[in-house]
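What follows is a short report on a single structure.
The values are calculated or read from the model by the stated rules, or taken from the named source; none is laboratory data. It should be emphasised that the depicted structure is a prediction, and the values quoted were computed from it without experimental measurement. Glycine gets a Cβ as well: all are built from the backbone with ideal geometry, and neighbour counts include every protein chain shown.
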């Protein structure tokens, strides 16, 4: 037998304690602290704090929306899978339209990625929703375009697209002008579906465990 | 309209070109190079190369196993979701037993995490399989214990558990003694389901796009 901790709750407890002892969270507004801890937990990196950007009160707005039953719109099924259903306060719907049968056709018609085209199927769900983008920069760019077109506003945008082409740019565009929508984002190339769902999971429940 | 690249294939092409121009891949064996590129692509960080460890010929072994029809055993559904089915060379089965109805009971009986207990249901699938661990250090520790007990050997272990408790330790244990099984792992706290599935996706197809 190998010697390792096998108690899941204890692993979470020690993980969060290690993060709080190592990460510099002092620069963050209080409502964002638990979100930052869970983001760090999802990626193993304490230095993401310096790349975190958010509008004032964004975490509080997201928490209130989830309690009020907000749907969670995800750009990728990995994000949807990462949302811990039993943490959700109102059996909130978790929606991902990337694999919808209409999406490839829409992408072709719009000459864009499937990730961006999938947002066409979000239109009826956007009002008051939590948008969790953890994969595709084109999805975040398209969301900003839709907001410029006047679609109903979500309650919160979680901006965590990852990668080398458009990720940093799309999150910079969100932070520069979030079109009046509260947002939390990780600036730069880093991000990912695990971070997007970690942010949702942090907002979903006061208790960390 | 915002100006951004909307052609998915072009985004991939430019991403991989950016990675190759920025990352130092010269230290890697040739068969690991494409795996490293796709891992970097999944996380947005070129500096992971220095934390990458692998047994000689591990990527080649994994590629051959996939072509021969190897099953892919995943510790989390996010990993399974991240495997691009259309890249797989032999309609390989993608198996995750974490949500199997027997897993919670097994975890209780074994006084361990669900992630570790879920491996009990891998026993009949382990021989010649690709094991992709992208979340739970306890799953990787348990795999090493099972190999010590003499279970049939998988073809390749992809070790990418993430976090602050056990992640670095489990991957160090794998690299120190992989029980004769080829492995690719990211040492340290970093890792995650996106990296585990990116490794599978890299091995699945010669063509990067």
Flag for residue B:48 being within 17 Å of the chain's Cα centre (by Cα), free of Cβ contacts under 8 Å to residues at least 40 places away in the same chain and within 14 Å of chain A (Cβ to nearest Cβ): no
Residue in the stretch B:132-144 that is more than 18 Å from residue B:185 (Cα to Cα) and over 15 Å from the mean Cα position of the chain (by Cα) present: no
Test: residue B:96 is more than 19 Å from residue A:6 (Cβ to Cβ), within 14 Å of chain A (Cβ to nearest Cβ), without any contact (Cβ under 8 Å) to a residue 60 or more places away in the chain and in contact with a helix residue (DSSP H, G or I) (Cβ under 8 Å, 6 or more places away or on another chain): yes
Subset of the stretch A:39-52 [farther than 17 Å from residue A:130 by Cα and either assigned to a loop (DSSP other than H, G, I, E, B) or touching a helix residue (DSSP H, G or I) at 6+ places or on another chain (Cβ under 8 Å) (or both)]: A:40, A:41, A:42, A:43, A:44, A:45, A:46, A:48, A:49, A:52
Flag for residue B:67 being modelled with pLDDT of 95 or more and in contact with a strand residue (DSSP E or B) (Cβ under 8 Å, 6 or more places away or on another chain): no
Members of the stretch A:1-19 found to be surrounded by 13 or more Cβ atoms within 10 Å (Cβ to Cβ), farther than 15 Å from residue B:169 by Cβ and either more than 14 Å from chain B (Cβ to nearest Cβ) or in contact (Cβ under 8 Å) with a residue 12 or more places away in the chain (or both), listed by number: A:12, A:13, A:16, A:19
Considering residues of the stretch B:67-91 that are over 15 Å from the mean Cα position of the chain (by Cα), without any contact (Cβ under 8 Å) to a residue 60 or more places away in the chain and in a loop (DSSP other than H, G, I, E, B) only, the residue nearest to the other protein chains (Cβ to nearest Cβ): B:91
Number of the condition not met by residue A:88 [criteria: (1) closer than 27 Å to residue A:66 by Cα; (2) surrounded by fewer than 21 Cβ atoms within 10 Å (Cβ to Cβ)]: (2)
Within the stretch A:30-57, tally of residues that are touching a strand residue (DSSP E or B) at 6+ places or on another chain (Cβ under 7 Å) and more than 25 Å from residue B:160 (Cα to Cα): 4
Conditions (1) within 30 Å of residue A:114 (Cα to Cα); (2) more than 9 Å from chain B (Cβ to nearest Cβ); (3) touching a residue at least 60 places away in the same chain (Cβ under 8 Å); (4) in a helix (DSSP H, G or I); number of the one not met by residue A:32: (1)
Residue check for residue A:154: under 20 Å from residue A:195 (Cα atoms) and at pLDDT 95 or above: yes
